[in-house]
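The values are calculated or read from the model by the stated rules, or taken from the named source; none is laboratory data. Worth saying up front: this structure is predicted, and the values here are computed from it rather than measured. Cβ sites come from the backbone with ideal geometry, for glycine too, and all protein chains shown count toward neighbours.
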Amino acid sequence: MTDAIRPEAIYDAMGAVLTRWTMGSAAAQAAPFWRAELGEDPAEAELRLLALSGQFLGIAVTAEPAMSLRVLPDIPRLALPTLPEALRPLARRILAPKKMAQAELVHFLAARGWTTHPADWMPSGGDDDVPEVYAPWCDWAEIAASGSAARQRPNEVLTADTWDDFWPTMRKAALASLRRRDPAAARAVLEAKLGNENAETRLRLLALLAERLSEDDIAFLEGIAANDRAPKVKTLASSLLARLGHGSAIDAEAAELAGFFPVKTKGIFRRTQMIEAERLKTPAQWQRRRALFARADLASFSGSLGMTPDALIGCWSWNADPEADTALVGLIVASGSDSEVAQVADLVDGPNATGLLMVLAPRLGPAARAKFAVTALNAQGIRFELAQAMAGPAARLDDPLSAPAGKTLLAALRRDDAKPADFGGELHALGLIASREGARRSLERLTAAGLVQGDPRLDMLRLNAALDDRGEKP
Amino acid sequence: MDLKAVEQLATDQSSLKAAAGLAKPGKWSGVGGSHDGALIWGECAGSGANPYRVMADLRDLGNKCTCPSRKFPCKHVLGLLWLNAEAIVPFKPSDTPDWVSDWLGRRRGTSAGRPAASATPGAEKDLRAARAVDAEIVEDPKDVARREAQAARRSEETERAILDALDALGQWIGDQLRLGLSGFIDDATARCRRIAARLVDGKAAALAGRIDELPGRLLALPPGDRPRGAVVELGKLVLLSRAFRAAPRDAEMRRAVATSETRETVLADPGALRIEARWEVLAEQVQTRRDGLVSQTTWLLNLGATGPRFAMLLDFFPASAGKRGSVFTPGERFHGELVFYSSAQPLRALLVQRAAAEEAQGVEWPAPDATLSDAMSLLLLAEPWTIDIPLLLPQGRIARDEAGGSWWRSLDGTSALPVADTPEGLLCGTDLSITAAIWSGNRLTILAAQTPWGRIGSHD
């Protein structure tokens with residue numbers, strides 16, 4: 001019986017059996033050890049051999065991997081804890097629909113001192129809009145995609161010598177942190193290494209110098225502005241220089257731009273200066289002015305007008321020419337100092353204030369962004385979605401529903417023809433800008449207005465209300 | 001909520017009658033309502049292995065059920081509303097489950113729950129009539145005997161038809177060998193379709209479904225492995241048809257070749273294995289088959305000490321019935337009673353009763369099998385034609401080969417099994433302390449795993 005047959009003998013015969021069947025020939029001859037089991041009838045013998053071989057090949061023969069198998073490194077633990085287990089299903093539901101909601105949520109969580117569970121969300125390698133805390137995961141994703149098995153060295157200090165030991169996202173994060181601690185050391189590393197990177201990377205890394213920008217950076221930035229291969233990197237260096245008051249010299253273009261904005265004096269006793277935009281008559285003039293703004297910087301523009309940048313901002317006639325307002329704010333964002341940005345943020349007012357503040361937002365700190373969002377919510381009656389875009393991820397509003405947007409929302413939700421999916425975006429944005437207490441109170445008022453507690457539009461508010469706020473308050 | 005509304009909502013008297021039959025506590029589990037009383041939900045045992053999830057919004061009577069019925073609302077929704085209207089079971093206020101919230105988010109408007117009465121004014125519906133129990137009809141013993149004789153004759157005819165179909169199958173398998181397996185592999189879909197159609201005519205529907213899916217399994221293998229895969233698949237068919245010939249009346253053989261017993265038959269079988277335990281939902285697999293049916297397989301892990309380690313709840317419904325909601329959430333744990341279809345290695349089961357879902361923490365997964373090769377072959381000793389073998393794998397990790405294929409490799413490096421799809425993210429960036437997977441046709445499908453990051457599913 002089969003007991004006496006060695007498995008090796010069967011295994012050796014299987015090659016011949018398979019070859020014969022593949023070609024369409026009878027195979028019973030190739031398995032002489034099973035002669036008794038297969039019997040005399042040739043057709044029956046083939047079927048019996050098929051049953052026996054199938055059983056043998058199914059159990060005893062499994063695929064073997066090629067020589068080398070690659071194992072990816074462990075996904076590292078992040079500096080912030082993962083979301084509590086009980087809140088993960090809620091977070092998963094918010095993460096599910098689209099990329100935009102994912103970015104908003106991960107920024108919100110990071111601002112509150114949490115990170116996602118890697119099974120619920122992980123950044124991809126090239127993801128740029130991700131909180132810095134996820135840098136180790138960005139690099140892990142890049143390692144996974146690259147086919148390289150190199151290990152990260154997360155504890156290494158970034159220097160010109162250790163530059164190549166870091167994967168790109170962690171390197172950028174390490175550089176940003178070094179810049180915050182020791183600006184000169186960060187600049188020294190960049191001086192040694194920036195030239196070897198591609199233009200996109202150079203642009204991203206150079207932008208890190210905006211933090212703690214000082215006179216000491218001028219020489220390095222001037223070198224980049226003069227010699228870099230990529231125009232956009234040069235432009236960024238010039239714009240950083242301009243923030244330090246080292247804009248380009250007053251040239252013919254700056255003077256031409258100044259020509260569109262005559263300086264007038266006003267008042268009989270206290271003669272104050274006013275800058276009013278010249279009324280433009282032809283489309284060509286509009287176009288020319290736009291083009292000049294695009295190439296100018298704040299210092300050279302104000303110099304052409306014979307004043308300092310802060311005096312220019314103070315004398316500007318806001319709301320007279322909205323396009324000129326926007327262009328000036330754009331100029332300040334690109335090449336103004338932090339104090340000039342703060343000055344203009346306090347000054348803007350009127351119907352376009354929201355739009356202007358949105359342009360300023362990237363240069364404002366979290367506290368200032370939240371403050372302006374509250375002002376705009378109450379004074380200009382903007383919607384929560386806009387307020388959220390203005391406030392960024394670190395806002396913590398205690399009573400957002402009392403703003404005009406909240407009243408409008410409550411009234412709309414109470415209407416008889418309200419549909420179950422309406423106002424999802426508004427409710428989601430409300431959940432992102434409210435403080436934990438604000439989220440709790442909003443939930444109470446919304447359910448009192450007829451929304452069911454399990455309504456998925458309330459997911460973000462529910463997550464916020466249930467999540468311990470461990471983040472740094474702006 | 002009152003009974004009048006249930007009456008108005010029903011599309012016809014027969015729905016109402018069916019709902020009356022379901023308005024009994026024993027048919028339901030996991031019944032609950034939102035804290036504000038607006039939403040109610042529950043799970044109702046249907047004719048399949050998985051229960052149906054039923055939910056309703058009492059504000060506008062909008063409703064949803066996961067059953068494939070084309071009636072709207074179906075009898076399960078009416079049954080749930082009836083339970084609520086008459087307070088037959090307590091609707092315990094609790095947090096709204098995700099599946100109810102998900103439905104709420106997908107609802108388009110409030111028109112869905114309008115009473116059907118306006119659409120069919122002519123149809124008279126009466127709750128009292130629906131409630132009335134039909135008087136039992138006393139049958140003439142002669143009729144009973146005649147009916148039994150007819151049933152026995154039908155059963156014999158079926159058996160003969162199946163045996164004829166199996167003869168044709170044997171002939172067909174012989175032909176494939178004579179014509180060469182390389183040709184079979186190239187033309188597997190068309191050839192399998194033809195013999196499957198013959199088997200359907202011969203009342204061997206289950207076998208036909210299996211052969212229809214054979215090309216899919218074969219083509220999932222790397223080209224070099226397909227001749228071996230074809231021999232394994234065809235060899236199993238020979239074994240299965242021989243086993244049927246040996247015991248054509250055996251329930252297990254009938255299930256593998258012809259059709260499964262009904263839910264009622266399994267529940268009424270006094271010898272059927274019943275296990276009351278804590279179960280964890282490992283995964284749900286939904287697959288559209290070539291024969292136009294969608295199979296819905298829920299894999300459960302037994303967290304208790306006794307009974308089979310795995311259970312499989314299997315249902316089929318026509319693809320034309322549309323997408324069906326999931327019945328369970330992977331990772332969910334519940335205490336419940338399962339009844340297993342009779343088998344030498346019980347695996348397929350029906351859910352008899354379950355308590356509400358409970359916290360996922362607490363009980364650990366059972367330890368993996370001592371010897372992996374034994375676990376992979378044990379089931380085949382009893383049922384050598386089996387295709388899917390559920391396994392608990394010991395400590396291991398996902399690795400990749402140079403061609404981009406993925407492998408599960410044991411921590412000690414002694415075994416490596418090819419993984420069916422390409423796992424991404426966390427699954428390949430952490431140690432897998434225990435992995436629940438299906439081994440089928442030389443391919444491993446990972447269902448879930450325990451890791452230092454907690455339990456993760458295959459699609460996390």
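Any idea which of (1) out of contact with any helix residue (DSSP H, G or I) (no Cβ under 7 Å at 6 or more places or on another chain); (2) under 28 Å from A:Ala66 (Cα atoms); (3) within 14 Å of chain A (Cβ to nearest Cβ) is the one B:Leu181 doesn't satisfy?
Answer for B:Leu181: the failing condition is (1).
What tally of residues in region B:285-299 results from selecting those that are touching a residue at least 40 places away in the same chain (Cβ under 8 Å) and in contact with a Phe, Trp or Tyr (Cβ under 6 Å, 6 or more places away or on another chain)?
2
Restricting to region A:85-120, what's the tally of residues that are touching a residue at least 40 places away in the same chain (Cβ under 8 Å), closer than 22 Å to A:Ala429 by Cα and in a loop (DSSP other than H, G, I, E, B)?
So the count comes out to 3.
From A:Arg77, A:Arg6, grab the single residue that is within 11 Å of chain B (Cβ to nearest Cβ), of a type in the set (Lys, Arg) and free of Cβ contacts under 8 Å to residues at least 12 places away in the same chain.
The unique qualifying residue is A:Arg77.
For region A:80-91, which residues satisfy the criterion of being surrounded by 15 or more Cβ atoms within 10 Å (Cβ to Cβ) and either more than 9 Å from every other protein chain (Cβ to nearest Cβ) or at pLDDT 95 or above (or both)?
A:Leu80, A:Thr82, A:Leu83, A:Leu87, A:Arg88, A:Ala91
What's the number of the condition A:Arg48 fails, among (1) in contact with a Gly (Cβ under 8 Å, 6 or more places away or on another chain); (2) away from chain B (no Cβ under 12 Å); (3) charged (D, E, K, R)?
Failing condition for A:Arg48: (2).
Residues that are in the same structural domain as B:Phe328 (by TED's automatic domain parsing) and crowded, with 20+ Cβ neighbours inside 10 Å: which strands (runs of 3 or more DSSP E) entirely in region B:344-429 hold 2 or more of them?
The strands (runs of 3 or more DSSP E) meeting that bar are B:348-354.
Go through region B:414-449 and give me each residue that's over 26 Å from A:Asp139 (Cα atoms), over 26 Å from the mean Cα position of the chain (by Cα) and more than 9 Å from chain A (Cβ to nearest Cβ).
The answer is B:Thr414, and nothing else.
For region B:1-33, which residues satisfy the criterion of being in contact with a strand residue (DSSP E or B) (Cβ under 7 Å, 6 or more places away or on another chain) and farther than 18 Å from B:Arg70 by Cα?
B:Lys27, B:Trp28, B:Ser29, B:Gly30, B:Val31, B:Gly32, B:Gly33
Using the structure shown, decide if A:Ser304 is of a type in the set (S, T, N, Q), under 30 Å from A:Ala188 (Cβ atoms) and in contact (Cβ under 8 Å) with a residue 24 or more places away in the chain.
Answer is no for this residue.
Results for (1) within 16 Å of B:Gly307 (Cβ to Cβ); (2) in the same structural domain as B:Gly48 (by TED's automatic domain parsing); (3) acidic (Asp, Glu); (4) buried (at least 18 other Cβ atoms within 10 Å of the Cβ), shown as yes or no for each residue.
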{"residue": "B:Met253", "(1), (2), (3), (4)": "no, no, no, yes"}
{"residue": "B:Ala268", "(1), (2), (3), (4)": "no, no, no, no"}
{"residue": "B:Leu273", "(1), (2), (3), (4)": "yes, no, no, no"}
{"residue": "B:Glu276", "(1), (2), (3), (4)": "yes, no, yes, no"}
{"residue": "B:Glu280", "(1), (2), (3), (4)": "yes, no, yes, yes"}
{"residue": "B:Ala283", "(1), (2), (3), (4)": "no, no, no, yes"}
{"residue": "B:Val286", "(1), (2), (3), (4)": "no, no, no, no"}
{"residue": "B:Arg289", "(1), (2), (3), (4)": "no, no, no, no"}
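Report whether or not A:Ser335 is among the hydroxyl-bearing types (Ser, Thr, Tyr), crowded, with 21+ Cβ neighbours inside 10 Å and farther than 16 Å from A:Leu432 by Cβ.
yes
Restricting the search to region A:286-315, which residues are closer than 23 Å to A:Leu241 by Cβ and of a type in the set (Phe, Trp, Tyr)?
Selection gives A:Phe293, A:Phe301.
Scan region A:208-267 residue by residue and report those that are in contact (Cβ under 8 Å) with a residue 24 or more places away in the chain, more than 23 Å from A:Leu312 (Cα to Cα) and basic (Lys, Arg).
A:Arg212, A:Arg229, A:Lys232
Could you tell me whether A:Leu257 is in contact with a helix residue (DSSP H, G or I) (Cβ under 6 Å, 6 or more places away or on another chain) and either closer than 26 Å to A:Gly365 by Cβ or of a type in the set (Asp, Glu) (or both)?
For A:Leu257, the condition - in contact with a helix residue (DSSP H, G or I) (Cβ under 6 Å, 6 or more places away or on another chain) and either closer than 26 Å to A:Gly365 by Cβ or of a type in the set (Asp, Glu) (or both) - is not met.
Scan region A:319-332 and tell me whether some residue there is surrounded by 14 or more Cβ atoms within 10 Å (Cβ to Cβ) and in contact (Cβ under 8 Å) with a residue 60 or more places away in the chain.
yes
Quick grid of which residues meet (1) closer than 16 Å to B:Trp299 by Cβ; (2) touching a residue at least 60 places away in the same chain (Cβ under 8 Å):
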position	(1), (2)
B:Glu402	no, no
B:Asp412	no, no
B:Ser415	no, no
B:Asp431	no, no
B:Gly441	no, yes
B:Leu444	yes, no
B:Leu447	yes, yes
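Mind checking which residues of region A:96-129 are over 25 Å from B:Arg397 (Cβ atoms) and within 12 Å of chain B (Cβ to nearest Cβ)?
A:Ala96, A:Pro97
If you check every pair at least six apart or on different chains, which have Cβ atoms under 8 Å apart with a residue in region B:24-41 that is more than 14 Å from chain A (Cβ to nearest Cβ) first and a residue that is among the β-branched types (Val, Ile, Thr) and part of a loop (DSSP other than H, G, I, E, B) second?
Every condition considered, the pairs that remain are B:Lys24/B:Ile88; B:Pro25/B:Ile88; B:Pro25/B:Val89; B:Trp28/B:Val89; B:Val31/B:Val89.
Can you say whether B:Ala208 is under 30 Å from A:Arg20 (Cβ atoms) and more than 14 Å from chain A (Cβ to nearest Cβ), as far as the supplied structure shows?
Yes.
Filtering region A:423-445 down to residues that are within 13 Å of another protein chain (Cβ to nearest Cβ) and within 22 Å of B:Trp99 (Cβ to Cβ), which residue is surrounded by the fewest Cβ atoms within 10 Å (Cβ to Cβ)?
A:Gly424
Among the residues of region B:202-217, are any closer than 20 Å to A:Ala27 by Cβ and at pLDDT below 95?
no
Modelled with pLDDT of 85 or more and away from chain B (no Cβ under 14 Å), is that true of A:Ala184?
Yes: the conditions hold for A:Ala184.
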